[in-house]
């Protein structure tokens, strides 16, 4: 069976795809930077009630066995 | 025989330290006892590097780094439960992965990230659904990259 791509098909790692938009950045990440960002994310999660909602969901079990829920 | 690791796209980042910090937060908030598998965690780092290289970019933007890291972390699942864990939260790897990805977007504002982006503005329902979906549904590195582009990029 032949696989035929249209004439506009562009492999994802080819130069045209890379240049499709401004895909690169000059930012170098650091451990401290990500930890600072995490602190803000954690604060947002604590403030918006998401933790309580997750604890009430089927993802969370009190006790070690599912049948304890 | 020693193996040679490819150059990581951000060599300065101590991912293990970040992961332990996130685990500590999850343990505290969900009353859990967790453990981290070092071998799997190393695989997360290497897989992330390989996937980012597939873009063929010298420095992939922040959304791509967040998306690819989140994908490999939730797929390989380096965090597991200690035997004495008092409770059980099935989405610990997914939640840790998502929080780390969001932390990257929260902190680094490259040319593509909306300077006003903040996690505090993301609706709780979306975050809840995202964590649930990461646990139950299928994702690719590119789909997660697009998700981070959509929530954090400026248009």
Note to self: Looking at region B:31-68 only, could you name the residues that are more than 22 Å from residue B:153 (Cα to Cα) and touching a residue at least 60 places away in the same chain (Cβ under 8 Å)?
What the structure shows: B:32
Next item on the list: Could you figure out which of (1) more than 13 Å from every other protein chain (Cβ to nearest Cβ); (2) at positive phi isn't true of residue B:41?
Entry: (2)
Notebook entry, point to check: Since residue B:77 meets every condition but one in (1) buried (at least 19 other Cβ atoms within 10 Å of the Cβ); (2) within 12 Å of the chain's Cα centre (by Cα), which condition does it not meet?
Noted result: (1)
Check: If you scan region B:55-70, which residues turn out to be within 8 Å of chain A (Cβ to nearest Cβ) and either touching a helix residue (DSSP H, G or I) at 6+ places or on another chain (Cβ under 8 Å) or crowded, with 20+ Cβ neighbours inside 10 Å (or both)?
Finding: B:55, B:56, B:57, B:60, B:61, B:62, B:64, B:65
Notebook entry, point to check: So, in region B:71-90, of the ones that are in a strand (DSSP E or B) and at the interface with another protein chain (Cβ under 10 Å from one of its Cβ atoms), which residue ends up farthest from residue B:104 (Cα to Cα)?
Noted result: B:87
Note to self: Within region A:19-27, does at least one residue satisfy the condition of being more than 25 Å from the chain's Cα centre (by Cα), at pLDDT below 55 and more than 8 Å from every other protein chain (Cβ to nearest Cβ)?
What the structure shows: no
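Please verify whether residue B:52 is buried (at least 22 other Cβ atoms within 10 Å of the Cβ) and over 25 Å from residue B:136 (Cβ atoms), treating the condition exactly as stated.
Criteria met by residue B:52.
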Notebook entry, point to check: How many residues, within region B:118-140, are more than 11 Å from chain A (Cβ to nearest Cβ) and either part of a loop (DSSP other than H, G, I, E, B) or within 14 Å of the chain's Cα centre (by Cα) (or both)?
Noted result: 4
Notebook entry, point to check: Can you tell which of A:35, A:50 is over 16 Å from residue B:30 (Cβ atoms), at pLDDT 50 or above and facing chain B (nearest Cβ under 7 Å)?
Noted result: A:35
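The values are calculated or read from the model by the stated rules, or taken from the named source; none is laboratory data. Worth saying up front: this structure is predicted, and the values here are computed from it rather than measured. Cβ sites come from the backbone with ideal geometry, for glycine too, and all protein chains shown count toward neighbours.
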